[in-house]
């Protein structure tokens with residue numbers, strides 16, 4: 001399995017490419033910006049992007065969808081509860097003082113408890129609202145469980161809840177009910193910053209240990 005995570009854009013969103021080594025078909029998680037960088041990483045590994053999925057639709061996680069779709073024709077999926085945010089990319093751009101990216105196309109909607117598959121790669125879908133109403137965590141069950149948590153859970157922190165549709169109570173419930181049941185050695189790749197593990201957060205995250 002090929003898994004490569006790298007920061008993109010002004011806000012350094014962690015974009016991940018996950019692909020099967022045999023089929024060379026890839027899923028791109030959170031293409032927030034820098035489409036040229038994402039395409040270079042795909043080309044470096046000889047991969048074809050077959051699916052785009054986003055943990056949520058804040059501008060720093062979806063900004064490169066349009067360009068990737070123009071170059072690769074790749075369909076994109078988000079949770080239905082976050083479509084309203086995707087429709088307001090211009091307002092989001094105004095908030096942070098950046099040009100608004102061209103809006104890509106959302107081809108399908110993610111459903112809690114289902115999965116998304118791509119020629120040898122399968123990601124489980126966990127609806128983890130709180131940071132946004134449609135925030136979603138993707139679960140890869142390989143030799144080691146991996147959770148792509150977006151801005152729900154960070155190393156010794158959690159996502160902010162003061163933006164449109166945010167809820168502190170929902171965020172904590174999502175983490176406790178959907179993420180904490182995983183084993184301690186489960187790797188957590190967050191939407192920004194360094195990776196962590198469920199065990200580390202169980203013991204050291206101040207929002208979870210109080």
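Readers should treat all values here as calculations from the given coordinates under stated rules, not as data from a laboratory. Small disclaimer: the values here were computed from a predicted structure and weren't measured. Please note: Cβ atoms are built from the backbone with ideal geometry, for glycine as well, and neighbour counts cover all protein chains shown.
Placing a label point 7 Å from the Cα of residue 95 along the Cα-to-Cβ direction, the residues of the range 111-148 whose backbone N falls under 12 Å of that point are 131-133. Taking all Cα-Cα distances within the range 29-141, those exceeding 19 Å account for 44%.
Could you list the residues of the range 98-140 with an amide nitrogen less than 19 Å from a label point located 7 Å from the Cα of residue 24 in the Cα-to-C-beta direction? Under cut-off, by backbone N: 118-121.
The spacing between the range 135-156 and the range 65-128, judged by their C-alpha centroids, is 17 Å.
State, as an integer percentage, the relative contact order of the range 2-209 based on alpha-carbon contacts under 8 Å between residues 6 or more apart. Present the calculation step by step, with values, prior to reporting the outcome.
Working: 474 pairs, mean separation 31.7, N = 208.
So the answer I get is 15 percent.
The smallest convex shape that holds all Cα atoms of the range 2-209, its convex hull, gives 104 Å³ per residue. A simple spin-label model places the labels of residue 45 and residue 203 3.0 nm from each other, with each point 7 Å out along Cα-to-Cβ. Taking 0.36 nm per residue of sequence separation and removing the Cα-Cα distance, the residue 169/residue 4 pair yields an extension gain of 56.2 nm. Quick check: from the Cα gyration tensor, does the range 8-57 come out rounded (a/c under 1.5), prolate or oblate? Oblate, because a/c is 1.5 or more while a/b does not exceed b/c.
On the beta carbon distance between residue 112 and residue 195, with R0 = 22 Å, the FRET formula returns roughly 0.40.
Over the range 1-84, consider all pairs of different Cα atoms and compute the Kirkwood hydrodynamic radius from their mean reciprocal separation; express it in Å, one decimal. Intermediate results must be reported in sequence, preceding the final value.
On the way: mean 1/r = 0.0799 Å⁻¹.
So the Kirkwood estimate lands at 12.5 Å.
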